[in-house]
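Read the structure below first, then the notes.
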Ligand SMILES: C[S@@+](CC[C@H](N)C(=O)[O-])C[C@H]1O[C@@H](n2cnc3c(N)ncnc32)[C@H](O)[C@@H]1O
């Protein structure tokens, strides 16, 4: 992965101290990224333990290869974590970590098209092998589909107005850069706070293009099947919709028909310390929930 800014892993101590109950166990980091959490996990584990990193972004391979060369406890899978069930046996894992969203490196690379602050192609795919980019989605979806995603996923009050402007503009010429989309959004809604007006729209499109909420749902159900009794699941989310899905799941509210259940580990959720938020402002909205499988 090229170095476009440095990604600092979030709430590392809280994750390590509460995820690892068996230092000889079999662990999976579902969102390897630049390996921040994975390095810390490996440091804590004994020599006979195992850690598998997963990431759908093949740019993670570079960092993963560095770890693979040095540490035989580690292996890497370039896939979506929603497919985790095809890689592990039922009741074989002691711990699963998921750190949702994208890394600072992905966000800060203009070529990836995630940022409304950088000029670049309107891409936003976490995996280059996925077919639908943000450009395809924005130019091919109906006005209603766009408004629905901006409203439901982006919680954007001006969803209809923005969707109308997008469809008007794309009739003139296809929208294919982050800058043009950002300008369309800026012209369609008032700027009322310090938050950039395009923040929610860009995040909603990214979440839609990468099916992020569906991936999370699949991962949670798979985690219930793949964890051993006493195995632990740690999820860091940055968005209220994601956290709501995790919360409902760990409370057993979305588990009808499943024959497993969880109890919480530590407080109802963990938040970053004030020092961490000052050092790493990106951690500000992070919520970590950790649970243990009881049956
Ligand atoms: C917030 S970053 C993780 C950073 C990592 N914990 C670290 O310390 O470097 C999220 C990573 O998860 C990956 N990712 C997001 N959704 C994924 C999915 N459904 N399947 C696999 N990887 C995913 C992204 O490509 C990104 O590299």
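Values quoted throughout were computed directly from the atomic coordinates according to the rules given, and no laboratory measurement underlies them. Predicted model, so just to flag it, every value in this text is computed and none were measured. Using ideal geometry, Cβ is built from the backbone for each residue, glycine included, and neighbour counts are taken over all protein chains shown.
Relative contact order for the chain using alpha-carbon pairs under 8 Å, separation at least 6, rounded to a whole percent? After rounding, I find 20 percent.
Taking other C-beta atoms within 10 Å as the exposure proxy, 32, 81 rank 81, 32 from fewest upward.
For the options 91, 70, 228, a Gaussian network treatment of the chain with springs between C-alpha atoms closer than 10 Å singles out 70 as fluctuating the most.
One decimal place: the segment residue 285-residue 21 gains 92.4 nm when fully extended, by the rule 0.36 nm per residue minus the C-alpha distance.
Each of 183, 111 was scored by other Cβ atoms within 10 Å of its Cβ. Listed from fewest to most, they are 111, 183.
Short-range pairs are left out: with C-alpha atoms under 8 Å and at least six residues apart, the relative contact order of the range 131-209 is 40 percent. Working from Cα positions, state the angle (0 to 90°, nearest 10) between the long axis of helix 61-70 and the longest principal axis of the chain. Result, in degrees: 20.
Mind pulling the angle between the C-alpha long axis of helix 159-172 and the longest principal axis of the chain? Nearest 10 degrees, somewhere in 0 to 90. For 159-172 against the chain, the angle is about 60 degrees. Seen against the Cα atoms of the chain and their longest principal axis, helix 199-209 is set at about 70 degrees. Note on residue 145 and residue 171: with the Förster distance fixed at 22 Å, the Cβ-Cβ geometry gives a FRET efficiency of about 0.85.
Name the residue, out of 138, 102, 278, whose mean-square fluctuation peaks in a Gaussian network model built on the chain with Cα pairs under 10 Å. Between 138, 102, 278, it is 278 that shows the largest mean-square fluctuation. Counting beta carbons within 10 Å around each of 167, 30 and listing the fewest first gives the order 167, 30.
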